[in-house]
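Colleague: Here it is, the structure, as structure tokens.
The values are calculated or read from the model by the stated rules, or taken from the named source; none is laboratory data. A quick note: this is a predicted structure, and the numbers were derived from the prediction, not measured. Don't worry about glycine lacking a Cβ; one is built from the backbone with ideal geometry, like all the others, and counts go over all protein chains shown. Protein only, heavy atoms only, side chains kept; ligands, DNA and RNA dropped before computing areas. Shrake-Rupley method; radii C 1.70, N 1.55, O 1.52, S 1.80 Å.
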Amino acid sequence: MKNNKVVLAFSGGLDTTYCAIYLTQIKKLEVHAVIVNTGGFSSDEILKIEKHAMALGVKSFKCIDDTDNFYKTVVRYLIFGNILKNNTYPLSVSAERIAQAMAIAGYAKSVGASYVAHGSTGAGNDQVRFDMVFNIVVPNVEIITPIRDMKLSREQEIAFLKEHGVAMNFEKAKYSINKGIWGTSVGGKETLTSKGFLPEEAFPTQLTKQGSENISLTFEKGELVGINDKKYKSPTEAIQQLNEIASAYAIGREVHVGDTIIGIKGRVGFEAAAPILIIKAHHLLEKHTLTKWQLYWKDQLSAWYGNWLHEGQFLDPTMRNIEKFLEDTQTNVSGKVFVTLYPYRFQLTGIESDHDLMSAKFGSYGEMNNTWSGEDVKGFSKIFGNPVAIYHQVNDSLPDNK
């Protein structure tokens, strides 16, 4: 038997405001609004959203702070895998949506709701991410998506809300912003076409520092734990502090173009100072502390993991298998990475680690061989090239030198 409880994923924007009024006044459901904070909302912002939700007539409002859980279950593996989709995007929003969907599904289960609702349109990735998680985690809960199902335009939503006496700012922001601990997405007219970069004013964090600044990042088993020799209580605190430092230099800005889950290509701007710095610094540390084949297999599995996460397949058991592999590779990924920050860019200048495999006692590249002789290399070169030599001798297939 179904009850009339519906858990609404609520951000306080136009779409979810429409959903709140539609579900309470038209569908006559008991609406429990919930927002999931993954590090992008201040306490003041949460209070404003709660006040707005309660004014719309919802039964209850809940804020779930999922920042630490988001880091532990998702972000740390994006770092371990050095994951940048299309070598550009740190999966800021796509990763965040998975964590939010999981938290909302868990909340719907805890309150015994028969329905769960979200304000996604029918033209983006989020509808798939939310629906897939809900279908798996709460399969007996019906999903309601008014904006998508009724193909509502922005103008139709505004007219409906005005009819129902909703007072809010209906002016569309010039740029849409979505902020979380793993980066901020920025959408605007420039990202709707294949040409054009976002203007300076579109980015939420402006350039405020000039010159350069040297910093050090301390990693323990692949996780950022310290900045400039100061240890933090948690990696999330370290990430937030690094973002504050690096954002002042307007680092980590880019426009990403990629394939959406629904088959079309799309562009999105983003600023992700801390994520980009951490991934690049972590990758450099790995190049010193991991073997050639560890790095190779990490690249293969990480690319697949990032793509599958982006497409909403977080609950595929293969993801847990890859996470175990990624975590195991981090055993010796500890040390310091030195970085110089400049306006709009940064430079990795080196590392220090007890696990650095670039040790002079084994040899200095291009300079001195300490643990082998010239005769060793002569024999090795002959044996190592023997399969290819046999192939070309049998087939007489060496290329002509012209």
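Colleague: If I ask for residues that are open to solvent by less than 30 Å² (accessible area, probe 1.4 Å) and under 27 Å from the mean Cα position of the chain (by Cα), which ones from region 44-54 would you list?
Modeller: Result: Ile46, Ile49.
Colleague: While we're on this one: Regarding region 325-340, can at least one residue be identified that is assigned to a loop (DSSP other than H, G, I, E, B), modelled with pLDDT of 95 or more and open to solvent by less than 10 Å² (accessible area, probe 1.4 Å)?
Modeller: Taking every residue of region 325-340 in turn, at least one turns out to be assigned to a loop (DSSP other than H, G, I, E, B), modelled with pLDDT of 95 or more and open to solvent by less than 10 Å² (accessible area, probe 1.4 Å).
Colleague: Still on this structure: Which one of the conditions (1) closer than 23 Å to Leu29 by Cβ; (2) surrounded by 15 or more Cβ atoms within 10 Å (Cβ to Cβ); (3) at pLDDT below 90 does Ala167 fail to meet, given that it meets all the rest?
Modeller: Ala167 satisfies all of (1) closer than 23 Å to Leu29 by Cβ; (2) surrounded by 15 or more Cβ atoms within 10 Å (Cβ to Cβ); (3) at pLDDT below 90 except (2).
Colleague: May I ask you to list the residues in region 384-396 that are surrounded by 10 or more Cβ atoms within 10 Å (Cβ to Cβ) and either under 47 Å from the mean Cα position of the chain (by Cα) or among the aliphatic types (A, V, I, L, M) (or both)?
Modeller: Residues satisfying the conditions are Phe384, Gly385, Asn386, Ala389, Ile390, Tyr391.
Colleague: Consider Gly258 against the criteria (1) over 22 Å from Phe203 (Cα atoms); (2) surrounded by fewer than 18 Cβ atoms within 10 Å (Cβ to Cβ): it satisfies all of them except one. Which criterion is unmet?
Modeller: Tallying (1) over 22 Å from Phe203 (Cα atoms); (2) surrounded by fewer than 18 Cβ atoms within 10 Å (Cβ to Cβ), Gly258 fails exactly one: (1).
Colleague: Where in region 119-195 are there helices (runs of 4 or more DSSP H), lying wholly inside it, with at least 3 residues that are touching a residue at least 60 places away in the same chain (Cβ under 8 Å) and either under 25 Å from the mean Cα position of the chain (by Cα) or over 18 Å from Ala105 (Cβ atoms) (or both)?
Modeller: Ranges flagged: 126-137, 154-163.
Colleague: To continue, here is another question. Select the helices (runs of 4 or more DSSP H) contained entirely in region 208-319, then report the ones holding at least 2 residues which are of a type in the set (Val, Ile, Thr) and modelled with pLDDT of 95 or more.
Modeller: The helices (runs of 4 or more DSSP H) meeting that bar are 235-247, 273-289.
Colleague: When Ser92 is evaluated against the numbered criteria (1) polar (S, T, N, Q); (2) crowded, with 17+ Cβ neighbours inside 10 Å; (3) modelled with pLDDT of 95 or more, which criterion, by number, is the only one it fails?
Modeller: Failed condition: (3).
Colleague: Restricting attention to region 121-137, which residues are loosely packed, with under 15 Cβ neighbours inside 10 Å and among the small types (Gly, Ala, Ser)?
Modeller: If the condition is that a residue be loosely packed, with under 15 Cβ neighbours inside 10 Å and among the small types (Gly, Ala, Ser), then Gly122, Ala123 are the ones that fit.
Colleague: Moving on. Looking at (1) under 19 Å from the mean Cα position of the chain (by Cα); (2) touching a residue at least 12 places away in the same chain (Cβ under 8 Å), which one does Gly335 not meet, given that it meets all the others?
Modeller: Against the list (1) under 19 Å from the mean Cα position of the chain (by Cα); (2) touching a residue at least 12 places away in the same chain (Cβ under 8 Å), Gly335 comes up short only on (1).
Colleague: Quick one: how many residues across region 100-118 are among the aliphatic types (A, V, I, L, M), over 27 Å from Trp182 (Cα atoms) and part of a helix (DSSP H, G or I)?
Modeller: Adding up the residues that qualify gives 1.
Colleague: Answer yes or no as to whether Val31 is part of a strand (DSSP E or B), touching a residue at least 24 places away in the same chain (Cβ under 8 Å), under 18 Å from Thr145 (Cβ atoms) and over 14 Å from the mean Cα position of the chain (by Cα).
Modeller: Yes.
Colleague: May I ask you to list pairs of residues, at least six apart or on different chains, whose Cβ atoms are under 9 Å apart, with the first in region 37-62 being within 18 Å of Leu161 (Cβ to Cβ) and the second being charged (D, E, K, R)?
Modeller: Taking only residues 6 or more apart or on different chains, the pairs are Val58/Glu30.
Colleague: Under 6 Å by Cβ, and 6 or more places apart or on different chains, what pairs join a residue from region 355-377 that is over 22 Å from Thr289 (Cα atoms) with one that is modelled with pLDDT under 85 and surrounded by fewer than 10 Cβ atoms within 10 Å (Cβ to Cβ)?
Modeller: none
Colleague: Looking at region 80-99, which of its residues are assigned to a loop (DSSP other than H, G, I, E, B) and over 8 Å from the mean Cα position of the chain (by Cα)?
Modeller: Gly81, Asn82, Ile83, Leu84, Asn86, Asn87, Thr88
Colleague: If you don't mind, another one. Looking at Phe41, Phe80, Phe70, Phe10, which is the one that is surrounded by fewer than 22 Cβ atoms within 10 Å (Cβ to Cβ) and not small (Gly, Ala, Ser)?
Modeller: Phe41
Colleague: Let me ask something else. Can you name the residue in region 138-159 that is among the charged types (D, E, K, R), surrounded by fewer than 13 Cβ atoms within 10 Å (Cβ to Cβ) and over 20 Å from Val31 (Cα atoms) and is also modelled with the highest pLDDT among such residues?
Modeller: Lys151
Colleague: Sticking with this structure for a sec: Counting only residues that are among the acidic types (Asp, Glu) and either at positive phi or modelled with pLDDT of 95 or more (or both), how many does region 112-137 have?
Modeller: Looking only at that region, the number is 1.
Colleague: Just checking, does region 104-120 include any residue being buried (at least 23 other Cβ atoms within 10 Å of the Cβ), closer than 18 Å to Ile264 by Cβ and not small (Gly, Ala, Ser)?
Modeller: No; the residues of region 104-120 include none that is buried (at least 23 other Cβ atoms within 10 Å of the Cβ), closer than 18 Å to Ile264 by Cβ and not small (Gly, Ala, Ser).
Colleague: Moving to a separate point now. Might you check whether a residue that is modelled with pLDDT under 95, in a helix (DSSP H, G or I) and over 25 Å from the mean Cα position of the chain (by Cα) occurs anywhere in region 360-374?
Modeller: Yes, because at least one residue in region 360-374 is modelled with pLDDT under 95, in a helix (DSSP H, G or I) and over 25 Å from the mean Cα position of the chain (by Cα).
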